[in-house]
1. In straight Cα distance, which aspartates and glutamates are under 12 Å from residue 9, not counting same-chain residues fewer than 8 positions off?
2. Please label the shape of segment 379-445 as rounded, prolate or oblate, based on the square roots a ≥ b ≥ c of the eigenvalues of the alpha-carbon gyration tensor (a/c under 1.5 means rounded; beyond that, a/b larger than b/c means prolate, else oblate).
3. I need the GluC sites (Glu not before Pro) found in segment 136-197, filtered to DSSP loop residues with at most 13 other beta carbons within 10 Å of theirs.
4. Contact order normalised by length for the chain, with contacts defined as Cα pairs under 8 Å and 6 or more residues apart; what percent is it?
5. Compare the Cα positions of 62, 507, 308 along the charge dipole of the chain (+1 at Cβ of Lys, Arg; -1 at Cβ of Asp, Glu; about the Cα centre) and return the one farthest towards the positive end.
6. Rounded, prolate or oblate for segment 67-107? Axes are the square roots of the Cα gyration tensor eigenvalues, ordered a ≥ b ≥ c, and the cut-off for rounded is a/c under 1.5.
7. On a 0 to 90° scale, report how tilted helix 118-127 is relative to the longest principal axis of the chain, with both axes built from alpha carbons and the result rounded to the nearest 10.
8. Would you calculate the convex hull of the Cα atoms in segment 394-520 and tell me its volume per residue in Å³?
Amino acid sequence: MVAVQGTDKQGPIESICIVGGGTAGWMTAAALCSKLQGLPVSIRLVESEEIGTVGVGEATLPHIRAFNNSLGISERELMQTTEATFKLGIEFCDWGKIGDRYIHPFGDYGPAIEGVPFYHYWLKLRSEGVNGAGRLDDYSYGVSAAEHYRFRYPAKDPAAVESTFGYAYQFDASLYAKFLRRFSEQRGILRTEGKIASTALDPNTGFVQSVTLESGEAIEADLFIDCSGFRGLLIEQALQTGYDDWSRWLPCNRAIALPTESRGAIGPFTRATARQSGWQWRIPLQHRVGNGHVYCSDFISDEEAERVLLDNLDAPALKGPNRLRFTTGRRKLLWNKNVVAVGLSGGFLEPLESTSIHLIQDGITELIQIFPDKSFNQDDIDEYNRRMELHFERVRDFLLLHYVATQRDDSDFWRHFRSMTLPDSLQEKISAWTERGTIIAYEHGLFLPPSWIAVMMGQNLMPRGYDRRADALPTDVIARNAAAIRANVAAAVAATPTHEDFIRKSGVAATLGNVDATAV
């Protein structure tokens, strides 16, 4: 059978079938029922309670707030329902060297001066041996607040140091999916319980015509969105799209996850601790803590990986471990014919920087922007795939940076990265940084320059130079300005409530209990 691209059908899409629930399926359903409201299109989601979902992702990036806001979702209701805490960034332990610790914040380091990013002035002070310049982290409100377990909403005054950060959530992803299910069903999404037994393709075009459930019911649609997880029920099993395996760069291929009791102060940050053959996550929610060990089975056995996780928990486990296997990479096409793959069906990149839910959001957002009609114009499909390829590749590069910007050589796992040939796109970023302290900015891409700076400096990859425009100011003037910025940040953080107090007083608490919803 020769598959023909495109179709001779005309007119707007009238029916959409989402295959699979979980976070990907219900985020897709919620967005489509909101953005296509008022249009004559039916949306149906098929899922099976028996199959279940992966459900280990519990940390997000600030972009999730824009997604929720666009749907009119109340932050207070969302956080209460999902037992969420606030997130100012990610703390990385033992990545550059064992004993190192830094925070990748959602914000910048100091204000630019005459159009030159502040970190170049800090590099100048450092190169001249100026005493008292402190850490670059001392110029970031987000880092300092996270280190002191403090939180507040960003100030509305752009001149205030308290306006210079963003925030995300740490929540129970399964509860988020349930929250979005209620949201979607209240707005007309039809949910069908059942397992898909077979898929029918059009003999002329190769497009998916229908899926048939084990019950015998056949569901037809114009557009199918595959949220079936690693199986890729439509995108791979039916259309045989193919997969780009990125294990040569990101070799971790397994994970063990389990929740523990919540003990001690709740930090407004996720923690990622480098281990001998991978890394361990810790994500504090209101009612529990999510934990996991991501590792490469070429360097450690499953039994030893589990022991590493259990030996490094800081509280009793609430249930047994959930074991996952995966291959990092993405489908060769995330949109093939009339099927769009969203979530794990489209690809997987380890959750080192909490990008899993964001890549779902990217897939949904790009689909809405390039929404098809029944003709399924190939140029539109190609554009979608081009954009998603960039999203995945730039996240891949950023994750790989953590593994190669390191001085660790204490295990075969870490030595593996020392001889690796990097993607040209990442090598270009690293070379520009080490030579002249420049971060090459992308027009498209998730992580902005401050994120790259956080990881490179946090893992001891220091540039040999700085922007020479910083020499226009005398060193003593720069030093006085720097001292004033540090003092301003310290004072602002000291006046910020603790993370737990803010959760209680702002009315978003569930397990912790609200004190006074009008107090903040």
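FYI, it's all coordinate maths here, none of it is from the lab. Just so it is clear, the structure is predicted and the values come from calculations on it, not from any experiment. Using ideal geometry, Cβ is built from the backbone for each residue, glycine included, and neighbour counts are taken over all protein chains shown.
1. 222, 373
2. Oblate, since a/c reaches 1.5 and b/c is not below a/b.
3. Loop-located and lightly packed - none at all.
4. That works out to 23 percent.
5. Ranked along the dipole, the leading option is 507.
6. Judged from the Cα gyration tensor, segment 67-107 comes out prolate (a/c at least 1.5, a/b above b/c).
7. The angle comes out at about 40 degrees.
8. Here the figure is 211 Å³ per residue.
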